[in-house]
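> Next up is a structure, given as structure tokens.
The values are calculated or read from the model by the stated rules, or taken from the named source; none is laboratory data. Remember, predicted model here, so these are calculated numbers, not experimental data. Cβ atoms come from the backbone with ideal geometry, glycine included; neighbour counts cover every protein chain shown.
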Amino acid sequence: MSDETKKDDEYGVLLYYNYTTIPDLNSLSNFYQSNCSSLNLLGRVRLAPHGVNVTVGGKLSSLESHIAAVKALTLFQGTDFKLATSHYPLDDKVAHECGFTSLSIRIVKELVTFSSHPLLNPPDVSNAGRHLSAVEFHSLLQSAVFCLPVQGLNEESPSESEKLVLLDARNLYETRIGKFHTQSVETLDPEIRQYSDLPSWIDNNAEKLRGKNVLMYCTGGIRCEMASAYLRSKGVGFENVFQLYGGIQRYLEQFPDGGFFKGKNFVFDHRISVGSSDADIMGNCLLCGSSFDDYSSRCRCTYCRMLVLVCDNCRKQGDLYVCELCQKHGKAVGSIPLIEESKSRVTSLPIELKSVSTGPLSSPQLPCRHGKVCILYHYKLCFQADLETLTVGTVCPRKLRILCLHGFRQNASGFKGRTASLAKKLKSIAELVFVDAPHELSFIYQPCVTSPSQDCPPPAPESCKKKFAWLVAPDFLEGLEIDWKMADGPFDPLQYRQQTDGFNVSLSYLKKVFSQEGPFDGILGFSQGAAMAASVCAQRERLKGEIDFRFVILCSGFALQSAKFEHGSINCPSLHIFGSDLGKDRQIAKQASRDLASTFEDGCSVIIEHDCGHIIPTRSPYIDEIKDFLKRFL
């Protein structure tokens, strides 16, 4: 069989990226759509004003034709095209997760999301670390092993040249199965869930890197571009940052035996991982600890959805798992003490908080009959326990716990009543927990319509329930507001724009709620509660360990006037529900909710527009879409 015939039959995967100014994104998008479709290439193409990031698969001959077409464009001079032979996608589930069942071409703000919130000093990729070829990278590590002088790194300070440190810019689930290792050079593994967590890790560990020659690496090189630029932007002491050009993939091509890289290289396509000729297994099963490095089963943490390693002997259909990072944050189910079911209170704030739940507590504590509690372990067995004995019980399905934040001038019990239909229709998959906001408001009453000059006494206070807010007007006096006051005018549908103060008090309050009432899988916010929840999302990385959640549902939401959210800057799975033009939402304008949705990263947000006004719709098809969103996290 000739070489050309082999190329017609063989399957391959092509990866490449290029940071360069793209003058016409739409024109380039049309090029990719036409070229990839004609060559039957499947995969992901991401285009941004500052470059492209491409991972596609197809016949080798088609991939080579694609490379030739791309090279003909002046934008791609000097691009490193990584082409590798591969088997055809065999597992539909893996291929679907990796995006290899279709062609996805998207225009995005960032080629890879470097931070989930706007950075004070965004990195300039033109200031990225110096590229080192695989041979140069290997030689530096080899020099360190044999205590030889290291040439060409820090010529001004030879005494510093031996201070090498390796920095892995990848996620924890990648580093579990393979990383660079040499006894003479420390390898720093940030142990992050996602790439957007890396800036925070760098900020918190800057002193470990100051004054060092930092050798950074990732899968194919693109993540090191932004990360090295960010590290170098810190100024004095961070000048000597270097990156492995072409990443681990190019290194393994140069050193098939693995060289200083041990284990397998995780890749974001149907191959899952690529190894060297070295058969050593670096990974371990999450449950039994045996050597294991195969992610083909796609087992994930039930809390954060990060991939976990579970060997064939431990894996069973329907099992739940808790990754090591969630365990570090106290979510290691099974290490939680047995407690009696009771209503918790947050009493450290001026007002007393009572949580109102739609049902019994769910994971990690699941109440059972006769005053006993049911604890959900990662292998989905429940143990009923009294104060003295433990006996194996039945399987207990885990529900999502969702913290619900009411709107302005509402309260927990009222919001629970208004969402009773929603709670009923979600009862098989979710438990809704309601809390009062921390700012107590005065009661408002309208003057007499028939005789405005006459005094109109307010209603009896005992007939009214207290009202609360997450945000208040700048002239609001906490604790000094009178019980009743007359409205100074007709209802103002834009009053929410005036309520800009009180965020820090509410944020501290939510930290206590999560500490004493949590854990929660998600947050549901309505109107002003949605504005509060969105602002928490924007600080999600900074609040880790204090306010942890996996998703947010924003109903009739809007962005705070004080918030400076950029388009696509918030990285959090989100569902946005608001009224369409026909919905006639008198409270929050449709455009305000749409603008808020646009601040969430492309690809992680879902929008539901309805015609029901200022409510959360519970009829079809809206309730079905809500359920579909939530089922992603079960």
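> Taking K212, is it at pLDDT 90 or above, over 28 Å from R271 (Cβ atoms) and over 29 Å from the mean Cα position of the chain (by Cα)? If you could, list the steps in order and put the result at the bottom.
Values: at pLDDT 90 or above: yes; over 28 Å from R271 (Cβ atoms): yes; over 29 Å from the mean Cα position of the chain (by Cα): yes.
Judged against the criteria, K212 is a match.
> Another question, if that's okay. Go through (1) crowded, with 21+ Cβ neighbours inside 10 Å; (2) outside the structural domain of I192 (by TED's automatic domain parsing) one by one and return the number of the condition C285 breaks.
All conditions are met except number (1).
> Working carefully through the options V274, V310, find the one that is surrounded by 15 or more Cβ atoms within 10 Å (Cβ to Cβ) and not in a loop (DSSP other than H, G, I, E, B). It would help to see each step written out before you state the result.
Details: V310 fails: not in a loop (DSSP other than H, G, I, E, B).
Of the residues listed, the single one that is surrounded by 15 or more Cβ atoms within 10 Å (Cβ to Cβ) and not in a loop (DSSP other than H, G, I, E, B) is V274.
> Right, something else. Suppose we filter region 566-585 for residues that are within 15 Å of I615 (Cβ to Cβ) and modelled with pLDDT under 70; how many remain?
Qualifying residue count for the region: 4.
> Name the helices (runs of 4 or more DSSP H) wholly inside region 168-219 in which the number of residues that are within 25 Å of F255 (Cβ to Cβ) is 1 or more. Break it down stepwise before answering.
Details: elements: 172-175, 198-204, 206-209.
Of the helices (runs of 4 or more DSSP H) lying wholly inside region 168-219, those with at least 1 residues that are within 25 Å of F255 (Cβ to Cβ) span 172-175.
> Quick one: what pairs do we get from region 39-66, first residue of a type in the set (K, R), second part of a helix (DSSP H, G or I), C-beta under 9 Å, 6+ apart or different chains?
K59/K7; K59/D8; K59/D9
Yes/no matrix, rows are residues, columns are (1) of a type in the set (S, T, N, Q); (2) assigned to a loop (DSSP other than H, G, I, E, B); (3) over 30 Å from the mean Cα position of the chain (by Cα); (4) modelled with pLDDT of 95 or more:
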residue: F31; (1), (2), (3), (4): no, no, yes, yes
residue: H66; (1), (2), (3), (4): no, no, yes, yes
residue: L111; (1), (2), (3), (4): no, yes, no, no
residue: S115; (1), (2), (3), (4): yes, yes, no, no
residue: L120; (1), (2), (3), (4): no, yes, no, no
